[in-house]
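The values are calculated or read from the model by the stated rules, or taken from the named source; none is laboratory data. For clarity, every value in this text was computed on a predicted model and none was experimentally measured. Cβ atoms come from the backbone with ideal geometry, glycine included; neighbour counts cover every protein chain shown. Ligands, DNA and RNA are stripped out before the accessible areas are found, and what is left, the full protein with its side chains, is counted by its heavy atoms. Shrake-Rupley method; radii C 1.70, N 1.55, O 1.52, S 1.80 Å.
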4 protein chains.
Amino acid sequence: MKKFVSQDENYELRVRESFSKQNLMKTIGATLTKVLPGEVEISLEFRDDLTQQHGFVHAGIVATLADTACGYAAFSLMAPDAAVLTVEYKINLLSPAVGESLIACGKVTKPGRTLTVCSGDVFALKDGEKKMVAAMIATMMSLRGREGLVG
Amino acid sequence: MKKFVSQDENYELRVRESFSKQNLMKTIGATLTKVLPGEVEISLEFRDDLTQQHGFVHAGIVATLADTACGYAAFSLMAPDAAVLTVEYKINLLSPAVGESLIACGKVTKPGRTLTVCSGDVFALKDGEKKMVAAMIATMMSLRGREGLVG
Amino acid sequence: MKKFVSQDENYELRVRESFSKQNLMKTIGATLTKVLPGEVEISLEFRDDLTQQHGFVHAGIVATLADTACGYAAFSLMAPDAAVLTVEYKINLLSPAVGESLIACGKVTKPGRTLTVCSGDVFALKDGEKKMVAAMIATMMSLRGREGLVG
Amino acid sequence: MKKFVSQDENYELRVRESFSKQNLMKTIGATLTKVLPGEVEISLEFRDDLTQQHGFVHAGIVATLADTACGYAAFSLMAPDAAVLTVEYKINLLSPAVGESLIACGKVTKPGRTLTVCSGDVFALKDGEKKMVAAMIATMMSLRGREGLVG
């Protein structure tokens, strides 16, 4: 995988501050477990109040984690005054999201001045095994000098 | 829009029972506000604990509503013993999800024995106006004679 | 469907001139059969040299038509000096592309200063019947004052 | 990357025979340059009759190559009597497709009895450099005991 260099030496602080303002992350109990230039990981302990009708974590939550990881992976490479917003994404659900926890890993595929394309893989940890449960491609947009949004 | 006929006269009961087992829907406060053959609507009152860093409803929640509406739109046309699972979806975020409430409308584009393709539009209601905030295409799968999942 | 107004009264000429420069359209025999503000239709007579292994029109050609129709639907609403490029698209193939001809209809869902979101439906005409064979959502980008591309 | 084992020792012959029946591949001059279990590569020399209005290879052709590479990557892991069809795909165009040739590499992410999820990367070769120009996620379907289609 390509290594990226951030335009902003304070990229990690910037990512962590923005993440801490996402109320939904607190509501579902998601935490930021890795922040590198162009790569962000978000983790979630399994919780029964996030499930669909068969007791698996709802695909909407799986996608929320991947989208947010991709958004901050893109954000980590942006200029200090930029905001990031999700233009669109596509996700394939590969296996039921069951186990002790989920890890979403977002990586920048192609950074750009306006648009950044990312990939997001989500894994379930169960009984010591790590299984890929979802694959995403996401398009993120950089907004300069005005308000924007991740997610 | 095409009109569909369900294979199962109890389709509405089936959809409502399955929806009521989705713990995530209770957690976020989403309700089923329309169930027709091939068309399902889900509504959500704005809540501050579902937001991203700028105070808009998180894209992950917007997608959760659209995915679930599409899943049950597909489910409404399936055989009585079928379960439904989300294979994949793609969503474009068109405008910030702000306002008093969100309405996600899922409609079947093409039903099939194994796969059903749906479209999902999400609208925000604000000050008496209805604005489209997201567009989805989703692929749903029917599982016969065994366990499955929506979402 | 919403009605759009173009920023450029010469939008049709602009679309037709750009289309005429797409060598691929000549190679496959595609023609521009409708140009309205925010809506473009492209037609293709069935040809045996565009098929996949079962004699249907190849999905790649179906997608090419929808992508190009979406691109020019977006382009029709752009400023006179703008160029358009495809950021990304997603397509579902609903039925085999068989028959006498294909019609791809691209429509703008949400125009924007930088990004325009479109939907593209492709229909096959066979024995006097019109059947939907594919559904697309596409994101198009406007480039101002520099080179760009459709497709 | 995971290594896959085909269910069919004649997988390469099966892939090559099916590919040779795709008239579109002959029309555009695409060739099969790698066939492994779960991984297929398709190459295309640049041709002026496949371009869009700025002289780049049309996105529709880029997608055709990636879709076909993904389809045959999935097909290589299927049972001898299976046919494969493209359910849907999503593609991001990362850079203009310019240069001497294009290489599309399709790889299986998750094989399945009915559905197989693949990723497709397309590269342009120019002046001895290899640059990624597109990223795809595709869903392929296996049809047993009856006719099907790639692409």
Those helices (runs of 4 or more DSSP H) completely within the stretch B:1-90 that have 1 or more residues that are open to solvent by 10 Å² or more (accessible area, probe 1.4 Å) and closer than 26 Å to B:T114 by Cα are B:11-20, B:59-75
Given the criterion under 18 Å from D:D121 (Cβ atoms) and surrounded by fewer than 18 Cβ atoms within 10 Å (Cβ to Cβ), identify the matching residue among A:M136, A:M132.
A:M132
In the stretch A:91-107, the residues that are among the β-branched types (V, I, T) and open to solvent by less than 10 Å² (accessible area, probe 1.4 Å)
A:I91
Count of residues meeting criterion [in contact with a strand residue (DSSP E or B) (Cβ under 8 Å, 6 or more places away or on another chain) and among the acidic types (D, E)] in the stretch B:37-68
4
Which of (1) more than 23 Å from D:G120 (Cα to Cα); (2) within 11 Å of chain B (Cβ to nearest Cβ) does A:L93 not meet, given it meets every other one?
(1)
Output the residue which, of all residues in the stretch D:23-82 that are touching a residue at least 12 places away in the same chain (Cβ under 8 Å) and in contact with a His (Cβ under 7 Å, 6 or more places away or on another chain), is farthest from D:V133 (Cα to Cα).
D:L24
Tell me yes or no: at least one residue of the stretch B:131-139 is part of a strand (DSSP E or B), modelled with pLDDT under 95 and not aromatic (F, W, Y).
no
Restricting to the stretch C:52-66, name every residue that is farther than 21 Å from C:C105 by Cα and within 7 Å of another protein chain (Cβ to nearest Cβ).
C:Q52, C:Q53, C:H54
Hey, among D:G106, D:G38, D:G29, D:G71, which residue is more than 14 Å from chain C (Cβ to nearest Cβ) and either modelled with pLDDT of 95 or more or farther than 29 Å from C:I137 by Cβ (or both)?
D:G38
